[in-house]
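The structure under discussion appears below in the form of structure tokens.
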Amino acid sequence: MEFKAAATQLSHKEILQELEGLLTGRWITDLANTSALLMAHFRDINWVGFYLVAEEPDTLWLGPFQGNPACTMIPFKKGVCGAAAQDKKTMRIENVDEFPGHIVCDSRSKSEVVIPIIKNNKVIGVLDVDSASLNRFSVDDQKFFENVVSIILTKNH
Ligand code: SME
């Protein structure tokens, strides 16, 4: 499999094609490479990664990611990630400073999108993407990240 050089910006379609080629069906491996793929090819993001539900219910633990070291544990209900997990819906935040309860992990982050990962109607984690630009993520970007999550789930059933 050929992997394009890092820091090349690719279209949504091209990133999805690369993703299909990278996935193995091994959960942590796939999450790790998905984070790396998105950081390398999605323009203007400073943090991307996964928080995963482990032993305790309603608690997200830091999983594979790219970016600065981040908060290790986020309860459902807290922050943007917790809200996405609790409500089982994507959160697309134009300005994180205006989101009540936003958890600052990287002070550069200005906008954020969080996609819940749902299996058998249960939230098993979230995909979190941060940008240092305000209002970085469009509805189209949101759909793209939702697609990324659904492709990973399809390969890891
Ligand atoms: N800002 C997130 C916390 C995770 S970091 O951005 C990596 C939140 O409010 O849930």
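Here are the numbers for this structure:
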{"quantity": "1.4 Å probe accessible area per residue over segment 7-157, in Å²", "calculated": "48 Å²"}
{"quantity": "Reachable lysines, given that their alpha-carbon falls under 18 Å from the alpha-carbon of LYS77 and they are not under 8 places away in the same chain", "calculated": "LYS88, LYS89, LYS122"}
{"quantity": "Accessible surface of segment 69-146, 1.4 Å probe, proportion on carbon and sulfur as whole %", "calculated": "48 percent"}
{"quantity": "Interatomic Cα distance distribution for the chain, bins of 10 angstrom, percent", "calculated": "11, 45, 36, 8, 0"}
{"quantity": "Three-way shape call for segment 71-157 based on the alpha-carbon gyration tensor, with the a/c threshold at 1.5", "calculated": "oblate"}
{"quantity": "Tensor-based shape of segment 57-110 (alpha-carbon gyration tensor, a/c under 1.5 rounded, otherwise prolate or oblate)", "calculated": "oblate"}
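The values are calculated or read from the model by the stated rules, or taken from the named source; none is laboratory data. Not measured: the values here are computed from a predicted model. Just so you know, the surface numbers come from the protein's heavy atoms only, side chains and all, with ligands and any DNA or RNA stripped out. Shrake-Rupley method; radii C 1.70, N 1.55, O 1.52, S 1.80 Å.
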